[in-house]
Amino acid sequence: MKILTVLTYYRPHTSGLTIYAERLARAFAARGHQVTVMTSQYDKSLPLDEWMDGVHVVRVPVAVRISKGVLAPTFGLMATKLVWQHDVIHLHLPQFDAPGVALRARLFGRPAVLTYHCDLQLPPGWFNRLVNLVVHFQNHLAGLLAHHLVTYTQDYADHSPYLLRYRHKLTPILPPVTLPQATPGAVEAFARQYATHERRPVIGMAARFAAEKGVEVLLDALPRVLEQYPKAQVLFAGQYENVLGEQAYHDRLMPRIREYQARGQWTFLGVLSPQEMAAFYPNLDVLVVPSLNSTEAFGLVQIEAMMHGVPCVASALPGVRQPVLMHGMGQVIPIGDSQALAQALLEILANRDRYRSDRAALTRTYDPDRIAGAYEALFASLLDRIRRRRPDQG
């Protein structure tokens, strides 16, 4: 099967969406499919054409960025060529260009499947409100044109105004989650570098420094935690500087964070490779996912942490609460409630033995090959349906 995956950002850009798309594309390739990723050349230093882990990556030059999106004048031309050359089109939303690609799939008789990762909610401002309206319109147009939609959980689907419109052609498929084994000595080296043996407990957060991630909820919870655990520290993994559209949020919170940094109670780690993340999780006592809105639909990092025996505290957002509810590895708190976050952290830190994960079961459930197999069955069903509708060619 020739599978074309289309999304705005791909590796080396790091987000939950790009990690999902990369894992799935690699799994498709490992299963013997011919996989092409069409994406933007958001950084001019990136090659327009390259192979990554058996996946052909085609990048379209970007003329200008608009908020978190891009304008690429030759995107349509490249989409026409690639849609024609492939059997199945897999789109990742939110994505401004998705309707045009889905329309080409319809015209060329190719099944188009949309994976809806989350809602788009840009920071306040009249321009961002306009961008939101345009992207919402484009997403709905793509939903109408697509043959089928996928989202992570039924919980998220049941609470998403967007997905409720398309429940007649919607399938929940859990996300692919995998991490390499930490290299020998990596966990210990990480511990030495960040003094995790001396400064405990260690509270982890793995996210972009963005308003929807709820960094301030953790900041507001810290004083109560530090009262009981003066040597506690926060390790923040992920991009924390120059995050698109988040400079004002960064500038607002950094004065408070610098106070914790000066006392060794907060450390920014930056973007970590998968191998580095495999050393990060074993050094944690708990991971927090205090997200504030439906731009977060699951929180892949929760499963990664649980695979390393680390409990999580997650906000009660649809989808985001599911890893804890499904696997019992942590607590769910009301959205934006810093006092509840502090209480949950204190309870987990005092009762770590209550939170045990079955790593083998988690690995099986979220195995990228298993997830790719579910998509593969969906693709095959849609291909068969389209072919049966075509007039007999004799």
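We did not get these values from a lab; they are worked out from the coordinates using the rules stated. Source: prediction; values computed, not measured. When we count neighbours, we look across all protein chains shown, and the Cβ atoms used for this are built from the backbone with ideal geometry, even at glycine.
Quick look at the values:
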item	result
Highest-first arrangement of 76-86, 30-40, where packing means the average Cβ count within 10 Å	30-40, 76-86
Percentage relative contact order, the chain, counting C-alpha pairs under 8 Å, at least six apart	15
Principal axis dimensions, largest first and in whole angstrom, of region 186-361 by Cα	41, 37, 33
Radius of gyration and maximum dimension Dmax of the chain, Cα, Å	21.4, 79
Reach of K2 by Cα under 24 Å, taken over lysines that are not fewer than 8 positions away in the same chain	K81, K169
Value in Å of the Kirkwood radius, where region 272-314 supplies the Cα pairs that are averaged	10.9
Under-5 Å amide H pairs with H148, H placed in peptide plane, nonlocal only	A112, L114
Listed residues I89, I303, I173, most fluctuating in the chain (Gaussian network, C-alpha, under 10 Å)	I173
Kyte-Doolittle at least -1.0, axis length at least 27 Å by Cα - qualifying DSSP helices, the chain	126-145, 368-389
Region 282-346 shape via C-alpha gyration tensor axes, a/c threshold 1.5	oblate
Least to most buried among F280, F137 (fewest other Cβ within 10 Å first)	F137, F280
Those GluC sites (Glu not before Pro) in region 162-262 that DSSP places in a loop and that have at most 12 other beta carbons within 10 Å	E198, E241
Alpha-carbon Debye profile of region 242-326, log10 I(q)/I(0) at 0.11, 0.16, 0.21, 0.22 Å⁻¹	-0.38, -0.82, -1.21, -1.24
Choice from Q239, Q228, Q275 showing the highest fluctuation, given a GNM over the chain with Cα pairs closer than 10 Å	Q228
Per-selection Rg to Rh, region 146-275 - Cα, Kirkwood hydrodynamic radius	1.07
5 angstrom amide H check on V313, placed H, neighbours 5+ away	L287, V288, V289, Q331
Among P282, P176, P230: highest mean-square fluctuation, GNM of the chain, C-alpha pairs under 10 Å	P230
